Structure formats: C-alpha cells, structure tokens
1. Would you mind classifying the stretch A:281-352 by shape? Square roots of the alpha carbon gyration tensor eigenvalues, ordered a ≥ b ≥ c; an a/c under 1.5 is rounded, otherwise it is prolate if a/b is larger than b/c and oblate if not.
2. Please report the net charge: other residues with Cβ closer than 11 Å to the Cβ of B:Lys188, K and R +1, D and E -1.
3. Return the average number of partner chain Cβ atoms within 10 angstrom of each residue Cβ along peptide A:246-254.
4. For the stretch B:226-356, what relative contact order do you get, as a whole percent, if you take Cα pairs closer than 8 Å and at least 6 residues apart?
5. Once phi is turned into ³J(HN,Hα) by the Karplus curve 6.51 cos²θ - 1.76 cosθ + 1.60 with θ = phi - 60°, what whole-Hz value does each residue of the stretch B:467-482 show in order, with x for glycine and proline?
6. Taking the solvent-accessible surface of protein heavy atoms with a 1.4 Å probe, what is the per residue accessible area of the stretch A:62-152 in Å²?
7. So for the pair A:Glu240, A:Ile329, with labels modelled 7 Å out along Cα→Cβ, what separation do we get in nm?
8. What are the ³J(HN,Hα) values, in whole Hz, obtained from phi via the Karplus relation 6.51 cos²θ - 1.76 cosθ + 1.60 with θ = phi - 60°, for each residue of the stretch B:338-345 in sequence order, with x given for Gly and Pro?
Amino acid sequence: MRIAEMLEARSTRSTFLYLLCLPCLFCFANSATAATPPDAPSVILIQNATVMTVSHGTIEHGSILIRDGRIAEVGQSIKAPGGAQVIDASGQFVIPGIIDCHSHIAAESINEGSVSVSSMVTMEEVLNPDDMDIYRDLAGGVTSANILHGSANSIGGQTLVIKLRWGQPASKLPFEGALPGIKFALGENPKRSNFSIPGQPRRYPATRMGVEVTIRGAFSEARDYKKAWDEYNKRVAAGEKNLIAPRRDLKLEPLVEVLEGKRYVHSHCYREDEILMLLRVAKEFGFKVRTFQHVLEGYKVADELAAAGVGASTFSDWWAYKVEAYDAIPYNAALMTRRGVIVSINSDSAAEATHLNQEAAKSMKYGGLSHDEALKLVTLNPAIQLGIDKRVGTIDVGKDADLAIYNHDPLSAYAVVQKALIDGRVYFDREKDIANRAEIEKEKKALTEKLKKAEKKPEEKKSPEKKPEENSKPPATTPTATATAASEGGAR
Amino acid sequence: MRLKLLCRCASTLCFAALLILVFHPPAAHAQGGEPQFFAIRGAKVFPVSGPPIEGATVVISRGVITAIGKDAAIPPEAWVIDGKGLHVYPGLVDAFSDVGIPAAPPASGEGGGPRRGAPEQARGPQDRPASTPWRSGAEEVSLSDKRVETWRSGGFTTVICAPKGGFFPGQAAVLSLAGERAGDLVVKTPVAIPLSFQASGGFGGGFPDSLLGILSYIHQVWLDTDWSVKAQAMYEKNPRGVARPRYDRTEAALAEALEDHALVLVPANNRVQLRRALELIERWQVSGGIYGGQMGYEVAPEIAAKKVPVLVDLKWPEGEKDADPEAKPSLRTLRFRDRAPSTPEAFAKAGVKFAFYSGGISAPKDILKAAKKSIDAGLASDAALRAFTLSPAEIFGVADRLGSIENGKIANLVVTDGDLFEEKTKIKMVFVDGRRFEVHEPEKPKDPPKGDITGKWKLSYNTPEGAEESTADLTMDKDGTITGSLTSHRGTANIISGYLSGDKFSFTINIVLDQGATDVTFTGTFDGTSLKGSIAVMGMSLDFTGVKPGNASADTTVQGGAQ
C-alpha cells in the first residue's frame, strides 16, 4: 500500500509519525530554516533560456519580462529595461511553475477521522506556513498546490489552493480568488474495513454501499438545510417579525455551497464502479464533481468522465499497493487524455512532489504523449482543474510570474530546479541555498553550544546521580516545545 | 489639603479604634489570635502603580492597605514590622494556573443537568465532546490543595485558576491564596473562559480527534451559543406557536460567562499558532487573550496591533533531558529555545499587554528564576514585576482591587530581603488579604552530604491510628538540598525544605490535618542504604524507618527528579 495514502487515511497521529520520518529524505532540510520572504524587484528579465510556454510552444534563446509579479513580455529578444534585475538563464529551461493537484503539505492536521462526514473542518485554518515541505516542494519546481484533507471520510474537509510562498504567514498562502474545494473519498479508505483499531467500535460505513448512502444522506440534509434558510430569508424579506432563525450548521454550509456551484468537489477514488456511483449521485442532487483524484481505473470509464466534464488527477505508475489499486496501469494518464479528459498527475506526498516533472515525463513512455502534453499534466491541466488557469499554468503575457527554471529539459531525469519564482519573486534559488548551508551549520553549532551551557547547570544540579560518562553524552537535542509542535502537539 | 487628609486619616483611625474598643475589646484574640493591623515601617516599597519609595511605611488594616508613604501614620493597634533592608512588593499573581484545584477532579456528571455521565464517543459537535464550561475555579477551589501554601510561600498571593481538561475546561476565577473556607479565596468569577486544543481521547475517541475538528467544533459552539441567546429571547417574548429552543448546558454556561465579560483564552505558542489565535479571536468576536506566547518575539507588533493581551508561559522551551543524541534539532527549534525568554521584552517594546504564568513549573522559586531569564534577555525588572502584579490584574479586570500597593487595595504583599528577581533573595513574609504568613527559610546543610539520598523511599511508622506507610520521592542537589514529595493515603505533598548534612537528613512537608495546615518534619540518619529517624508532627514524635523497595522504582525516581 502506498505509504502516504495509507497514513493519510488512517489518522492524524500517523501523519505526525509520517512527518517525523521525512526530514532525512531531502537535502534541503535545513537550508531555509528561518525564511523571510524574498525581495521582489518590480522588474525582472529572464534571458537566454529555453522557454517552454506550454500554451504556444518552445522558444529557444527566449526571454521573459516580469513586471510587478506578472509576465509582461515573452519573446526571443527582449531588452532589459532600466533598473531590471536580469537572470541569465543560458542553457537553462523555463516552464510554468508546477501545480500539484493533490498535496498534504503545509498543514498541521490532515484528517478529522472520527466521523464519515467532516465537511465542517477546513484546511485553511490549520495551514502551517513553516512546514519545511513547502520549501522542499519549491525546490522541485512546485509553485501552487491543492491542499486536501485526508481520505478517511466519505465527505472530508474543505480544501484550498495555495501558492508556495515560503516565509510568508499563513494568511498570504491561499491562491487569491481560487474557488474553495471539498474532499470526498470513495472505496477502502472511507469504508475503513481494513483499518479497524482493536478495542474501538467500527465506524459506519463499512462498505461502498454505505459510502454512497452516507453521501446521499449528507446532501439530503444539506438540501433541507438550504430550504429552511431560503424559507426563513423569504419570510424575513416579506416583513415578518419575531422569527427564530435556523441554526447555522458548519457541516452543511459547505455542502450547500457545493449544491450552489460555489465549491469544487475533489473526490478520492480508485475503482470504476465507485466513480460511476458518484457521478450518478452528483447528477441526482444537481452538483458537479470537479476532479476525481487518483482515479486509477479512470481509463475504464474515460468516456463517461469526458462526457461529464470531470477532470482526472492521477499517479504515473503506482499500482497494487492496495486491493483497489490492482487494475492500475501506467497508461492511465495517456488513455484518459486521448479520450478527451483533462488529466493531471499529482503527488499525494511531499517527497513525490519534488519530482512531478519526472512523473509527467513517464506518460511519454507509457502512452506516447507529446512533450507538451506531458508537461501539461503538471502545469496547465491542474490549473484548469483547480480553476486557476487564467492566472497560472502557462507562460503567457498577463499571467502570474510563477516559473520553474531547470538546468536540463524538465522532462529529463537529469533536470534539477535552479530557481522557482512565484509572483515574480525568487522563492527558491539553488545557488543561494547551497551557499547558505555553511552559515546555517555555523549558527546551529553556536546555538547548540550556547544552549548547552545555559541548560547544563540546572541539569547537573538536578541529577547529581548521573555518572561522569553519562554527563559527557551530547546534549539533549529533542526539544520539549518546538517551533512546529508546541502547545498543540497533542492535537496532531 | 494635606492637613485635611491627615484629619481624615486620623478620624478614620479613631473610628476604627473605637469600633475595636466597643465591639472587640481584646481585638487580638477575637479572631483566633490573628492580628489585623500591621505596619511595615521604613522599607523600600514597590507600589508598581508608581515609582519605588525608599524608607516608606505600608499600613494594613483588616485586609486592606490603608496607608502608604514616608509619613504614613501608624495606628496604635498595629503590629509594627521593622522594614529596614526589606523590599515590599504587591503580592504576585500566577496569571493562569490550576493551583487551588486539588489534583483529582470531581466526578463527571456531578450536579445533574441533562448531560450524560459516561463519555460516549461523540458523533459530532451536537454531542458537546469534552466540554464542561460550567465548571469553575471558584466552585472547585479547595484548601486541601497543598500548592496553595507552596505558591503562597513563594510570594504568590493570587492565581487565575481554571479547571483543566477538554476543549472548554471551565471558567477561570481570581483566587486569593489564603482563607478559612474555600469561598474566602474567591476574588472574582468568572474572569476567563480558557480553551484547549488538545484532543484528550486520542484517535478513535470520537469527534473531534484532530486540530481541524477541534477548531470546527469550537466555531460551532460559539455559533450555537449566539443562536441560543437570541432564540431564547425571542421565545420568551412570544412562546406561542413556536418550537421551544432546547436547553443546552454548554451554551447556557458560555452565554452567561460572556455576559460577565469573561476573557476567552486561546492557546498559542509559536508564530503560526499566535497568528491563528489572533484570527480566531477576531472571527469569534469575543474579547480574547492568548496563553503560551513564547514565540511572541516574532510577531509582537501584530499582537500589539490587535490589542490582545498575552499570558506568557514561563516554562521556557528546552532540550529534552533524555533525548536521542542522534536527533539534531532544526535551526528553528534552536532559535526558539534561545530566544523564547526575549519574548517579554519584545512585547514590552511593541506595547503588548502581558502577564506571566507558571505553565508547567512546579516550584514557585523556579517561576521567578524563569522570569529572571527574561530580565537577562533585556526586560526591565520593573516590567517583569508588573507582569506578575498589575498587568494580570488589569487583564482580568481586578486592577481596581489588587495588583499594586495602593490605598484601599487588598493587602496582598510580598516582603523580601532584596531584589525579588535575585536568586539569593529570601522571601521573609507574605500578606494575603491582610493575613500575615511567615516564610521559613529552609535550613542550609552544614556539612557536605555523605552519599546520595536520591530515590524512592518506602517509609514505615506507627501512628496513634495504627501502622502506616508512605513513599518519599527524594531528589538531592550536590550541596545536599533535598526536594521531592511524600505520598501517603492522605495524598501527595511537596517537600518544602530539606537537606542531607553529613549523614543527618531532615525534610519537611506541609499537610492539612483536622486542625489546619501543619508542618511535618522527618529527621534522622542515612547510612547509605536505609533511613532511620523520627517524624515531628503537632508536638508528637513518631519513629520511622525507610528503605528503597528496589532498583526498578529507584530508576523511575531518578527520571522524575530530573524533570
């Protein structure tokens, strides 16, 4: 079973463990500890690069002019205006910043697993802008991500799209104007028949049928709730006095938004039957599913997906990690694309997100997508799925200057991100990162020494029973209250 | 003007004296021999509301401060204390604590009401999981909590006390740390509604089991409370033909506390949490405060802009004692540990109103030591003093009656032999509500200790009621000072003083017997493996012996002592 997904489905406690084992995975671990947002010169010119616009082909020796965070000009020979900061990208490749349609980074809490309808919870409230995974994913060229609730619930929490503005406070992360979403989940994870915990009652539902009934039940409630409010508002408008308003219900409000088309549904799923089930339920209640996530059997129902206008966000080549993933094939993305489905490749994992470019490239081998089609899987297509394609996803005049600069063709296995820009700010710079490492190590060493001195005295005093060799051990290193896990640690 | 004042003082005094003569001829004996008039003469007085006054006199009459100044008249019946060389401070306030509530919580479901007793798995907000906002520090305070004395002896005359446990643990009250009955301790209630974001049940314990769920739950409860107030009012006006809004204990308790202007206290320690707390307070439209606050140095101006007061947890972050030596803390963690004590100064500079609280610190001496770290990190010592006195009084709306040394305020005072924040300074006496408590300086060991008495000891002795056993959990410093606790069937009491000098040991606990709080002193000899000696309690002397029950439990003791 896929580790990330398994943990996501299980519990926030496991998520914590998962987060604990991550720091060893990536070399940029400590390189941007106390991030402060970088300066944004108002005019930047990237020149001499191979510019892969995604929308209108590749420009050799191309330039991109950025003004106030937006792309002002794209072409072959653009003169640097006075005062412009010039980035010489000779021999380098620029693509639109990668968009990850399924991510669980930057959150202090992932899953409210206690109930099967947890639509009252919202990822926006638990955003953790200090999560190092933001920086790690930036280093993989990701500039926007759809932050989703876990998949333990038929109807999970509210999701949102963020930009990976490392160093900015939580309030600056949300992608301005992007429609909010909500996570649904079908199949094994919400039915939880494989996740029973000894000594604990099994949560309803326990079958795919139960998942369907749970979703129907929630939308019936939401419909009634909407009716009650509509009626109340009507009576108030008619001038009636002394009316007791209906109670506000935070669980049902987002579902009413779904019914009203103000909130996207992103549904985790695997099997064709459950995919068709949700399409039927959505039709019955009159809402739209925006994307199916993972959707490993999507190739079997590609025509139905295309007809319903639903996006598919899948993996490149993972299968058989769980019973419902046995029928997965690496041709999924290509086959669905050929049938007219808007397809993206997502990460579902902070580590995976650092090489989504390679994940996209696999669809060229499996299914024969073109270079541009493959690139679209992680740029324009997820932008369309998230409703942000007017702002990002291609390199076009007027769009946000969210760009990733590679040293090789981004679809090559040798490609390494050199710079990642969001809104025309360089949020990741590989050269600077490497240059900073020594400095950071130096500061860490100095602080460790200082703290050792300050904390040693009381320790010695309090535990005179310690033998000398015990005292010579390195100082205590795991903090009781860390930056990310202080007073709310228990809530994870 | 001055003459008038003097006259007024004099006439008040005369009147007071008359009262005493008429109604209580032997005033000193009327209340169990406890004097009610004091004058501390010629001390250095720190009123906090104004600059320190050298050589000043503070007069206390029947629980309140009645005069302060260089020329304050001393009433003839006052017990005069020579304040030469002494400092007088307002009684210290622990701004967020459960001191006063004995460890064992009352049985849940107590007091009736529609709530069920046994906690079932909550299926949603409607089940009101882990919410007891009707509990109250004022209701649950009990003099049997030994920490009342411990805190008082450490200079704390006041605590903001709230029950613990759950997302809405209960209401906080301002308590004075002395009295005959529990009710005597209550100064004001409710003053705050603390929240907690700790999921108590853990995963599988029902809704909510994550920070996500907890926040959504609290949102829903505030909405419901607001709805309930409006709906009830509507229904009262016109009950006919309308469905009756249901009664909900959580909503009712919260609505009432909010009406009493209780401050909603939000937990937040790092910068992400602090910013989130500011947003939550704004969203809930409540008068809010923050507790924790240790990474405030990063966001002080933002907090100041929102005018949200912060209770700063003095249990500064530090490395875990038994940490995995391979685990390297991140730079962010190291910086946090280094800079946390600079938060109070950052708050002072930015204009954030802040007060100190003990957090996880279990000895009052260590609370002041932790505050000293902030002074070392740049905080002016008068600002530190304010964070222990007038600021918490202002935050909790009791600055009209305590928090500074001013005429008419409650006579809560700490008298020391020097600067409060200097480690070598001794607290000489404490006044709570005008009652004087002497602080006994623990005897210093004369000789270096022979051996190490640290460990868990089983003590056996015979009382008039029969044979008894208790467990002494002792930790010894290099210089022989003994700290720890003693647990018997009566409960657990902390050791208030103790030492090992040569092979002679002595340690004292303070427990509540029928007659009131009593010191119990254990003295004897330590031969390296066992204890032998006598217990002095209320004029009696009992022989006792002590042994270590085994290595396994001794190890536990070592860990316990190091925390």
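The values are calculated or read from the model by the stated rules, or taken from the named source; none is laboratory data. In this text the structure is predicted, and so the values were computed from the model without any measurement. Positions of Cβ are backbone-derived with ideal geometry, glycine not excepted, and every protein chain shown enters the neighbour counts. To get the accessible areas, we keep the full protein, side chains included, count just its heavy atoms, and leave off ligands, DNA and RNA. Shrake-Rupley method; radii C 1.70, N 1.55, O 1.52, S 1.80 Å.
1. On the way: a/c = 1.72, a/b = 1.55, b/c = 1.11.
In terms of gyration-tensor shape, prolate.
2. -1
3. On the way: counts 2, 9, 6, 6, 7, 5, 0, 0, 0.
If you average over the peptide's residues, the count of other-chain Cβ atoms is 4.
4. Working: 159 pairs, mean separation 28.9, N = 131.
For the stretch B:226-356, the relative contact order is 22 percent.
5. In residue order, the calculated couplings are 5, 9, 10, 8, 10, 9, 9, 10, 10, 10, 7, 4, 7, x, 5, 10 Hz.
6. Working: 2170 Å² over 91 residues.
Per-residue value: 24 Å².
7. Result for the modelled spin labels: 5.9 nm.
8. My calculation for the stretch B:338-345 gives 6, 9, 3, x, 8, 4, x, 5 Hz in order.
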